[in-house]
Amino acid sequence: MKKTSKEIDLAGKKLILEIGEFAEQATSSILARLGETVVLVTVVEGGKTDLDYFPLSVDYVERLYAGGRIKGSRWVKREGRPSDEAILAGRLIDRSIRPLFPKSFKNEVQIIVTVMSVDGENEADVLALNAVSAALAISRIPWNGPIGAIRVGYIKENGNSAEILENPTTSEIDLSELDMVVSQTKDKTVMLEAGAKQVSEDVFVEAIGRAQKVNSGIVASIEELVKEVGTKKLEISEDASSHEAVALIDKSYKEDIIALIKSKADKESGGNEMGELVDKIYDDEKMKNKDSDIDKKTIVKAIEHVMFKQIRIDVLEKNKRVDGRKMDEIRPIAARVGILPRTHGSALFQRGLTQALSVITLGSPRMEQLIESAEGEESKSYIHHYSGLPYSFGQTGRVGTPSRREIGHGALAERALEAVIPKQETFPYTIRVVSEVLSQNGSSSMASTCGSTLALMDAGVPILKPVAGISIGMMSDEKKYQLLTDIIGIEDFSGDMDFKVAGTENGVTAIQVDVKIPGLTIEQVKDIFAASKKARLFILDKMQSVIPSSRKELSEYAPKIEVVHIPVDKIGEVIGPGGKVIKNIIATTGATVDVEDDGSVTISGTNEEAVQRATDWVKSLTRDVGVGEEFEGEVKRILPFGAFVEILPGKEGMVHVSKMSTEFVNNPSDVVEIGQKVKVRVAEIDEQGRINLSMLFGADAEKEREPRERQERSFAGSARDDRGPRREHPLSMQFKRERQKTWQQNKRFGPKKPRY
């Protein structure tokens, strides 16, 4: 392929595609640039397979060198398994391109996207998606593209005005109410992926319309590139035996197909009805003609073709769904909360046969998830995990690491609820949600969203609004289309799309769209939003009848957390020399104490009393004590010249013997003893911050005088002068040296200690 480059306008920015220089042995390859973000896309066609599905794989590879970073692990510096974000980016690309491959094309295709440079402002996923579109378009692989892709944002201005952002930067997305990626052909929408902060359906329609104008221009530019360097597409031959099998089954086994459809109404998969019908057809045909070359794999594909065709006819011509429901009817809903006694929150949500058990775990901020990428480290305090084990389909299968599907479904539910999770300033917890999907027959990700909302409210998490989700399907032909609310598995497999929408009563929080046709028109999208809103409000009513709002109190098993903000220059006083103070707080109270560089101190523990003690201790350490304040303190140490009294947790002052009584005190132990509670007054705070206390109050305080020993030796005249200047007692000098050393250690080591 000859070397060339193409410059494409992406909402005012230059998207540059370089062809023919990199990865020359691949079927096609493109190096794409947007700003200083660079990705390499390679497409390889591996030849024809005997598989009964299209073996397309999309791998999104993140390299830390792209951001000038080395992996933080001490022992392993090579990048490990793909991050969840990389898997989601790969799924985003897969769902955008897969619908446009011919149904009969079964050659293996592998697409690898390598992120090679990031600038922190231009996202690599949308850049990669456009580059993949161009690479497929110029290759010999049959594909009904190209497509264009763009990210769209939405910012509310003062008053009622608002602005749709086309191709926003990373910093602009942080301020946006909407983060949506739209993949489109010249006139139809192929894929949508969005997270939003309760944005209305009208805004989504407007944003999709704006994206269509930009993407049409991208498609036109890629078509120009195809004319310059494109390769002739592979010819696809239809399988004659498959057509014969379809005609045979449609004619001779129609009643069996109708019975099979009825059996699928109550389950997504599982059961052996399909296998029994395949064996029956195979045996019948072999009995009729021993030389018949029909095989079971061909029969399976033919049965599915006839079955899906019959389902579509029933919907479009008879308004008849597989399970007998109306087109906009939702399956029976059931919900319960407080299922598991020792967890922090739990709920079971069931819609038809789809059943999800969501469980909440609350932890301290130190439990947040750290994510390492080329752009740096970031943290997540709200995490949603989805688990759908084989039994949920009525099948046996592998149990191990989560599949790409499970990661994608968990991310969708997480995004749906993220908009209503309280900020850590008001609810200082790390929140982990696990959705155990116990049974699946249509849109388990939306059931997980509903169940997780109920579980969060059961746990006492003060979410802004309850969130519900629903999936809308569609069946269409050249003349008309029919929308189906709350699709079941067989309707998903035989239909044209799976349009998932989640949100509150105020607006949409998440969208994910998978289509199996060349795309959706803007009129169809409007109708889908209307149907999804109606269904969402219905489900929200059902959910709020179970638990109308978040519980006022957290579970007794949940950790108790307090956050104290202290001045940065006081951090050293909380940590202490060598961490002595903070270790003492933890050991004494049993609470966990974490100090951040910004002065945030997080105190957590399962015992509320321990947390409160540690909180009071930290506050007292950083509290400024004023002259004249009175305290009831505990005597901690006694020295020959006075006693040290703890006036606040961790904060001590010294009472000199001269301030213990109006009478002469020869030995402090004659007045106080260790552990005794005494009332004291702050008499002085010296220039080094040391606190001097007095046990004298009122009129007695006015009579404070020098120690009698000193007074007896202090007589007027030159006699004192003849002896020269009076030297301090050795014990007094030792005390001063000790206090000076402690002050210097606090000043030197306190603020520089790491968090504990």
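The numbers here are math on the coordinates, done by the rules we state, and not lab data. Not measured: the values here are computed from a predicted model. Neighbour counts are summed over all protein chains in view; Cβ atoms, including those assigned to glycine, are modelled from backbone coordinates with ideal geometry.
For the reader, a short list of remarks on this structure follows.
- Quotient of C-alpha Rg and 2.2 N^0.38 Å, computed over the stretch 152-310: 1.68
- Peptides 573-583, 55-65, ordered by how many other C-beta atoms sit within 10 Å of their residues on average, highest first, read 573-583, 55-65.
- Crossing angle, helix 580-589 versus the chain [Cα axis fit, 0-90 degrees, rounded to tens]: 80
- Long-range amide H partners of residue 441 with built H, under 5 Å: 354, 355
- Peptides 193-206, 341-354, 373-386, ordered by how many other C-beta atoms sit within 10 Å of their residues on average, highest first, read 341-354, 193-206, 373-386.
- In a simple Cβ point-charge model (Lys, Arg +1; Asp, Glu -1; nothing else charged), the chain has a dipole of about 1420 debye relative to its Cα centre.
- Across the stretch 333-544, Cα pairs under 8 Å and at least six residues apart give a relative contact order of 21 percent.
- Positive end of the dipole of the stretch 225-345 (Cβ unit charges, origin at the Cα centre): among 334, 281, 305, the Cα lying farthest that way belongs to 334.
- D_trans [Stokes-Einstein, Kirkwood Rh over alpha-carbon pairs] for the stretch 240-318, 10 °C, 1.306 mPa s, µm² s⁻¹: 121
- DSSP-assigned coil residues among chymotrypsin sites (Phe, Trp or Tyr not before Pro) in the stretch 515-566, each with at most 14 further Cβ atoms within 10 Å: 557
- Listed residue (53, 102, 525) projecting farthest to the positive dipole end of the chain, Cβ model: 53
- Taking 20 Å as the straight-line reach from the Cα of residue 290, the lysines in range (excluding those fewer than 8 positions away in the same chain) are 280.
- Separation between Cα centres of the stretch 198-268 and the stretch 553-617, rounded to whole Å: 58
- Principal-axis analysis of the Cα atoms of the chain puts helix 608-622 at an angle of about 60° to the longest axis.
- Placing +1 on the Cβ of every Lys and Arg and -1 on the Cβ of every Asp and Glu, with nothing else charged, gives the stretch 608-655 a dipole about its Cα centre of roughly 240 debye.
- Taking θ as phi - 60° and the Karplus parameters 6.51, -1.76 and 1.60, the scalar couplings of the stretch 491-508 work out to 6, 5, 5, 8, x, 9, 6, 9, 10, 9, 10, 10, x, 9, 5, 8, x, 8 Hz in sequence order, x denoting glycine and proline.
- In straight-distance terms, cross-link reach from residue 186 covers every one of the lysines whose alpha-carbon lies under 16 Å from its own, apart from those fewer than eight places away in the same chain; here that gives 213.
- Residue exposure sequence - 170, 485 - by fewest surrounding Cβ within 10 Å: 170, 485
- Entries in 3/227; 251/516; 103/286; 14/526 that, when Cα-Cα distance is taken, lie over 20 Å: 251/516; 103/286; 14/526
- Whole-Hz ³J(HN,Hα) from phi, Karplus 6.51 cos²θ - 1.76 cosθ + 1.60, for the stretch 379-384, glycine and proline x: 10, 10, 9, 10, 10, 10
- Gyration tensor verdict on the stretch 4-229 (Cα atoms; rounded if a/c is under 1.5, prolate if a/b is larger than b/c, oblate otherwise): oblate
- Positive-end residue, the chain charge dipole about Cα centroid, Cβ charges, pick of 80, 253, 29: 80
- Phi angles across the stretch 189-204 convert, under the Karplus curve 6.51 cos²θ - 1.76 cosθ + 1.60 with θ = phi - 60°, into 3J(HN,Hα) values of 9, 9, 8, 10, 9, 8, x, 8, 9, 6, 8, 6, 4, 4, 5, 4 Hz, Gly and Pro given as x.
- Net dipole in debye of the stretch 484-549 [+1 Lys, Arg Cβ; -1 Asp, Glu Cβ; about Cα centre; nearest 20]: 220
- Degrees, to the nearest 10: 404-418 long Cα axis against longest axis of the chain: 60
- CD proxy at 222 nm, helix term only [per DSSP H run n ≥ 4: -39500 (n - 2.57); per residue of the chain; nearest 500]: -10500 deg cm²/dmol
- Inter-centroid distance (Cα atoms) of the stretch 118-194 relative to the stretch 655-688, Å: 73
- Each Cα pair under 8 Å and six or more residues apart adds its separation to the average, and for the chain the resulting relative contact order is 10 percent.
- Highest to lowest packing among 642-650, 407-415, 446-454, scored as the average C-beta count within 10 Å: 446-454, 407-415, 642-650
- For residue 60, the residues whose amide H sits under 5 Å from its own are 90, 113, ignoring neighbours fewer than 5 places away on the same chain, with H placed 1.01 Å from N.
- Over 28 Å (Cα to Cα) - which of 254/480; 106/296; 48/479 fall in this group: 48/479
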